[in-house]
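**Student:** This is the structure I want to talk about, given as structure tokens.
The values are calculated or read from the model by the stated rules, or taken from the named source; none is laboratory data. Only a predicted model underlies this, so the values are computations on that prediction, with no experimental measurement involved. Note that each Cβ is placed from the backbone with ideal geometry, even for glycine, and that neighbours are counted across all protein chains shown. Side chains are part of the model used for accessible areas, which takes the heavy atoms of the whole protein and leaves out ligands, DNA and RNA. Shrake-Rupley method; radii C 1.70, N 1.55, O 1.52, S 1.80 Å.
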Amino acid sequence: SHPLLCPPGIKCGGVLSAPSGNFSSPNFPGLYPYETECTWLIVVAEGSSVLLSFSHFELEYHDTCAYDYLQVYNGAARDRGNLLGTFCGHSPPPPFSSAWHVMAVVFRSDRHVAKHGFAAAYRKDACGGQLTGLSGEITSPRYPESYPNDAECRWSIGGGSGGGPLTLVFADFQMEGGQGCGFDYVALFDGPTISAPHLGRYCGSKRPPRTISSTPHLLIVFKSDFNIGGRGFKAHFYSAGECQEVFTTIKGNFSSPQYPNFYPNNLKCQWSIQLPPGYRVKVFFLDLELEGRSSLTGGCDYDHLSAFDGGTENGSLLGRWCGRESLAPVTSRSNRLLLVLHTDRNTAKRGFSISYVGVVPMNVSCTRTDFHIQIPVQSLAQLERNRIYLGTPSCAAQVVGRNFKIHTRFDTCGTESQRRNNTSVIVSTLYIDFSVGDQEDIHQYEVQCEPKRKEASVTLIAGPDPSRLSQAENLVDAQQWEGEAMDAREVKSQDTSDIVFISICILAGLLMVIAVVGLVLL
């Protein structure tokens, strides 16, 4: 048969709600029509999953499947966070098991080259399955109703494109208890089969701990005996490689999973920044695009990024963001900061990219003539005192008790007078040199004093690796810095009142010398 545009009579797509069924491309086993798009939505009983397999597959080939293709979605179609794969050519897709009770299949053909298409079968799988997505949800049979007796289910997770370790988190757990969990239980294995190392065996009503595999595979076995049941369990999994990280270096960069491509759905990711005592963590948002605010509440009720002071979600909330926002930097009040990304079941976006830097705690004060700078030694315990200096290396810090101290007059150490916002200020640069070997890493802080008021301030002006943070630094405190930079350009010279005063002193000295010489000659 010759391929043609899809006429109105040809069945294409639809909702498949029976416990099992078959579907195929239009005209199968003949050639499929040109310029066709079909979507099949498979919906089975909640608490079940969908098992999908292909008995025949032949589509036009392209190395990125840009012409004719078939897409499989873990849930509703058109949400890239749920996409399990895009396929074309002659190699059939692998068998799929959905991570919840909905699965979508989209077939599209362009206006050239038609093939025989595909034939697929699906069935409801109430118990277990092969899960290949980057994220998903697993529930015991009939959850949240009581699970059946004499059940045994196996969920094998892994083998997808993520390739990293997997994290499993239980949101709810209630099963028959008992010594050694010999009756009803959930067992976890660090690999695809029960011969893999054992990660734990759980029963009763206490939620199992968060589990992270050491391989890209995780096997979950659920077993119930002949009597006494419970509500069962609900758990979600995700690829942990980009989703659970701890940073202890003074600076770093990280981003949401798969950035700048769409992040997966159904995630809970955590990035913990833990710096030495005394430091503060300053976070720069280079890019942020998440699902938008709720139209009902106006809040970030769907996908959102939260920052907490300290190492846990019990710490004070520093911010909660969603949608597309250009954000000012956030600074912790302690040496630890936790960022948590929550994504729901649908509507994924690009995600975020973040840089952070450890801000050295310091006390800067001034008089009408001097700067006083004090930094706790424990904050920079690994540094020699000559790595901390004001203006020039000759103005290095001294160690006094438990502090590095710099006490210097305004006419030394590279200080200069400037006019900012119609006010005379004294400005210098504090350098802290973290360089190791050939890796130069010098942080710069601008220290500023307003002598009339005896008020001092300090601002990080160049943090880690300028090539990577330059974008962040340009975003930071942008308005403040634009104003100050303009003032600095206008008045680069020293305060004219100082110059006039010095000139008068020199002239008076010369006149005095001339007068003395004149008296001697007389």
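**Student:** Using a probe radius of 1.4 Å on heavy atoms only, what accessible surface per residue do you get for region 363-466? Whole Å² is fine.
**Tutor:** Per residue, region 363-466 has an accessible area of 53 Å².
**Student:** For VAL399 paired with THR64, estimate the spin-label separation in nm (one decimal), with each label point 7 Å from Cα along the Cα-to-Cβ line.
**Tutor:** Placing both labels 7 Å beyond Cα along the Cβ direction yields 5.8 nm.
**Student:** What number, in percent, do you get for the relative contact order of region 130-235 if the mean sequence gap of Cα pairs under 8 Å and at least 6 apart is divided by its residue count?
**Tutor:** Computed value for region 130-235: 43 percent relative contact order.
**Student:** Along region 311-327, what does the Karplus equation 6.51 cos²θ - 1.76 cosθ + 1.60 (θ = phi - 60°) give for ³J(HN,Hα), rounded to whole Hz, x for Gly and Pro?
**Tutor:** Values, residue by residue: x, 9, 6, 7, x, 5, 6, 8, x, 9, 10, 7, x, 10, 9, 9, 9 Hz.
**Student:** Given R₀ = 60 Å, FRET efficiency for SER316-SER20 by Cβ-Cβ distance, to 0.05?
**Tutor:** The formula returns an efficiency of 0.70 here.
**Student:** FRET efficiency for HIS112 and LEU383, Cβ-Cβ distance as r, R0 = 45 Å, nearest 0.05?
**Tutor:** Working from the Cβ atoms, E equals 0.10.
**Student:** About its Cα centre, what dipole magnitude does region 355-445 give when the only charges are +1 on Lys and Arg Cβ and -1 on Asp and Glu Cβ, stated in debye to the nearest 20?
**Tutor:** Computed charge dipole of region 355-445: roughly 460 debye.
**Student:** Would you mind checking which residues have amide H under 5 Å from CYS127's amide H? H placed 1.01 Å from N; only 5 or more apart, or other chain.
**Tutor:** For CYS127, the qualifying residues are SER49.
**Student:** Do any chymotrypsin sites (Phe, Trp or Tyr not before Pro) in region 224-316 lie in a DSSP loop with no more than 15 other beta carbon atoms within 10 Å, and if so, which?
**Tutor:** In loop regions of region 224-316 (DSSP not H, G, I, E or B), the sparsely surrounded chymotrypsin sites (Phe, Trp or Tyr not before Pro) are PHE226.
**Student:** Another question, then. Cut-off under 28 Å on the C-alpha distance; same-chain residues fewer than 8 positions from LYS115 excluded. Which lysines are left, in chain and number order?
**Tutor:** LYS11
**Student:** Over 21 Å between Cα atoms, which of LYS405/LYS454; LYS124/LYS206; LYS282/LYS405; LYS234/LYS268; LYS223/LYS268 qualify?
**Tutor:** Check vs 21 Å cut-off fails for LYS124/LYS206; LYS282/LYS405; LYS223/LYS268.
**Student:** Check ASN403: other-chain or 5+ apart residues with amide H under 5 Å from its amide H, H built from backbone geometry?
**Tutor:** It is VAL377, by chain and number.
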